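Heads up: the structure comes next, in structure tokens.
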Amino acid sequence: MTEDTNQTGQTGQTDDTQHTDRADAGAPSRRSLLGWGGAGLALGAAAAGGAVAMARSDSGDDVVPAGATGAAVAFHGAHQAGIATGVQDRLHFAAFDVKTDDREEFVTLLKEWTKAAARMTAGHAVGEGAFGGLAEAPPDDTGEALGLKPSRLTLTIGFGPSLFEKYGDAFGLTGKRPKALVDLPKFPGDNLDPARGGGDLCVQACADDPQVAVHAIRNLARIGFGKVAIRWSQLGFGKTSSTTPEAQTPRNLMGFKDGTRNISGTDGKALAEHVWVGAKDGPDWMVGGSYLVARRIRMHIETWDRTSLQEQEDIFGRDKGEGAAVGKAKERDEPFLRAMKPDAHVRLAHPRSNGGATILRRGYSFTDGTDGLGRLDAGLFFLAYQRDVRKGFIPVQRSLAASDALNEYIQHVGSAVFAIPPGVRDTNDWWGRALFTGKA
Amino acid sequence: MRRARLTALTAVTTAAALAAVTGCTEKSKAGDDAVKVTASDKKCEVSKKEFPAGHVELAVENKGSKVTEVYILFPDDRIVTERENIGPGTKQNLTAEVKAGAYRIACVPGMKGKGIRQDVRATGGGKVAERDPRLDKAVAEYRAYTQAQADETMPKVKVFTDAVRKGDLAAAKKAYAPSRIGWERTEPVAESFGDIDPKVDVRADGLEEGQDLAKDWTGWHRLERALWKDKKIGQREKDLATRLDKDLTDWQKRVGKAEITPSSMANGAKELLDEVATGKVTGEEERYSHTDLVDFKANVEGAEKAYALLRPVAAENDPALAKELDKQFAALDKLLDTHRAGPDSYTFTSYEKVGKADRKELHDGVNALAEPLSKLAAAVVKKSK
């Protein structure tokens, strides 16, 4: 829950090789149709007005993004979609454990997953579809996304440290674990449930329609039975950060704007500096990739709601209505950190307080019903992408865990870290190819 | 256990299953075209081995000394029609509507065993696609397996019910799980009758609206609760033990006559895994005795039996699927062995002592097997013309 992460270059310059909304197959990118700011602002209007958007279909492979919530995001590209992509409204995140030590079988699964992911993100059904096949066999696709739009579905895969530790020999991955893929240290106040953390693999499914995201994870899990098994999963219903700073900043469940100074998805310079693994960083198979930290952060909603407005604003270091930093008038005014209390969340999380550490946040609010005591089981499912976990999440969280005034109202209960490989380049490429073949 | 619902065994019809046939018996005089069946204690003679498809009439005369029964059977031993209790020296007629194809007429003197059989053929009419003979064999063997399971189970049930009737709590507890193994191995077949399962294998939560737990709950799980939770055996329990004997005798009598097809066998195997996934892995099935893993093992064995019989055809139509199923059955068996007292033992770890992580491991194993198993039916019917 790092409220504020500044980035150095706010020139708005874009580098065409850096965005994720790429124009594949000759289709115009959504950006070229609308622009980032417009895309974000247009969401509500487009949905309400029934703007023409591509419908899911099971024939043809052409994807015509229409710039609305229903559009398709290109699956292929230099980076995986779902990182710099404008944050969608809904999340289904799943961590998997590997259940086979047969390298060939695992690689086959990665290829099958890639194929299914390419189909689903384009709005198509998996395999031979959800109906019309052999009456005696269960259909390939589970069917609940039929007739729904692609909904900007992105599927992003990651490899956890345990994949390298447990299957290093079996899969030929010995020595391939990136140095930046560290095990997270124990932070003060952590109350981590092993059943809600870790995982050999992860898939992040983001979409504007929750059913599309759930359909994607469900079908990938089904394809994976016998090879991988879901270890834990998390649904998220409201984005708490955007990568489209021109648009209205979303609010977290504490009612505060979250992600005001997040890295913009079009800010190629900031992405290259803080998010994408560079050629000099190594290892080769990770160039163009990133590292993901996932934390399930439970909020003590009821006690927070009884906290006075003044205290709430002091804790964050911003005002609740506008989102302006202490002593400032506007949300986007440069914060003056020393005006904030020493334990204010924004002050402690700010890059200037952490040697420049900057991360791209892509978290979602969650509410998994209520616990046995009648309290909302709710909070923030924090997702942060960075070029190196040691220079991103870890220093920021060290400083927060030690002193953040917000700690009285939150608890970290789940934790995982993953290496996010670079994008799938074309239809011959597959998730993790560079890792498993050693060829870039 | 399952709430009464249509199972695949009754719901699934396949192209391979011969068209529906209706059979009935009547005492009226046989027509001239009737097939005369002369049954004796040693013989089953038929007046003709070929007859036109359509309405067929058997004129049966029992010249033997024992009460007999006569069947028209499909090649896989499924019953087209039957007439029981034909006394010595009496005549009975039975009729059926049959499509063209191969059939058997069987006389069963003493109404025990497989009887004496004659191959016959209905000719003309629309040619009905014949099934791969290997599949007929598989169905016939599976039918024999379900009967054998019932036959072997009855004495074990008696050990259990005798102990209950004697009021011997310890002996009854010991005999409880073994008495269920044969049932669990062949559960989808037993459930296809609809009326037996709710009497013998229903759980408290399986009772329907308006049913009284005290009066209407019968069968194994009612006794399970008495033995493990209430820890006492009263007159009600003793009566229920006798009732269980009776209901399971009914099962033993009927199990061999269940409607079975190759695809219902395949789907039955998958259903056994579904049973494991929804009832056993969660610990709901044996909530008092915690003998869930015994049921689990039996379910997997029953599925494995059906698969083994269908395997020759499945492996030909879909070699990759057969390879995967071989692997996943072996893996799940191996995993179950880690909770087993010893090889071939049916003593398993009490399920309350199986931790969360181990339960997840078991569930992952079930998923890994059930997913490919759901494709077995398609692999079996694919080329079975």
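The values are calculated or read from the model by the stated rules, or taken from the named source; none is laboratory data. Remember, predicted model here, so these are calculated numbers, not experimental data. Please note: Cβ atoms are built from the backbone with ideal geometry, for glycine as well, and neighbour counts cover all protein chains shown.
Can you name every residue in segment A:275-314 that is under 30 Å from A:ALA405 (Cα atoms) and basic (Lys, Arg)?
The answer is A:ARG295, A:ARG296, A:ARG298, A:ARG306.
Could you go through segment B:151-161 and let me know if any residue there is outside any helix (DSSP H, G or I) and polar (S, T, N, Q).
No, segment B:151-161 contains no residue that is outside any helix (DSSP H, G or I) and polar (S, T, N, Q).
What helices (runs of 4 or more DSSP H) completely inside segment A:280-358 contain at least 1 residues that are touching a His at 6+ places or on another chain (Cβ under 6 Å)?
Hits in segment A:280-358: A:309-316.
Looking for something more than 14 Å from chain A (Cβ to nearest Cβ), assigned to a loop (DSSP other than H, G, I, E, B) and either crowded, with 19+ Cβ neighbours inside 10 Å or at pLDDT 95 or above (or both) - is there at least one such residue anywhere in segment B:362-380?
No, the conditions are met nowhere in segment B:362-380.
Can you list residue pairs whose Cβ atoms sit under 6 Å apart, with the first residue in segment A:242-264 being in contact (Cβ under 8 Å) with a residue 40 or more places away in the chain and the second being outside any loop (DSSP other than H, G, I, E, B) and of a type in the set (Phe, Trp, Tyr)? Count only pairs 6 or more apart in sequence or on different chains.
A:THR244/A:TRP36; A:MET254/A:TRP304; A:PHE256/A:PHE316
Taking segment B:328-359 as the search range and keeping residues that are facing another protein chain (nearest Cβ under 9 Å) and modelled with pLDDT of 95 or more, which one is surrounded by the most Cβ atoms within 10 Å (Cβ to Cβ)? If you could, list the steps in order and put the result at the bottom.
First pass over segment B:328-359, keeping only residues facing another protein chain (nearest Cβ under 9 Å): B:328, B:331, B:356-357.
Checking which are modelled with pLDDT of 95 or more leaves us with B:328, B:331.
Details: B:GLN328: 22, B:ALA331: 17.
Once the filter is applied, the top-ranked residue is B:GLN328.
From the list B:THR95, B:THR90, B:THR68, B:THR81, pick out the single residue that is surrounded by fewer than 19 Cβ atoms within 10 Å (Cβ to Cβ) and of a type in the set (Ser, Thr, Tyr).
Going through B:THR95, B:THR90, B:THR68, B:THR81 in turn, the sole match is B:THR90.
Checking A:ASP169 against (1) over 30 Å from A:ALA401 (Cβ atoms); (2) surrounded by fewer than 24 Cβ atoms within 10 Å (Cβ to Cβ); (3) within 14 Å of chain B (Cβ to nearest Cβ), which test does it fail?
Here A:ASP169 meets the rest and fails (3).
Can you go through B:ALA148, B:ALA170, B:ALA140 and tell me which one is within 26 Å of B:ARG78 (Cα to Cα) and surrounded by fewer than 17 Cβ atoms within 10 Å (Cβ to Cβ)?
Going through B:ALA148, B:ALA170, B:ALA140 in turn, the sole match is B:ALA148.
Filter segment A:94-116 down to residues that are within 12 Å of chain B (Cβ to nearest Cβ) and part of a strand (DSSP E or B) and give me whichever is nearest to the chain's Cα centre (by Cα).
Going through the qualifying residues, I end up with A:PHE96.
Output the number of residues of segment A:226-248 satisfying the condition of being at pLDDT 90 or above, assigned to a loop (DSSP other than H, G, I, E, B) and under 17 Å from the mean Cα position of the chain (by Cα).
So the count comes out to 1.
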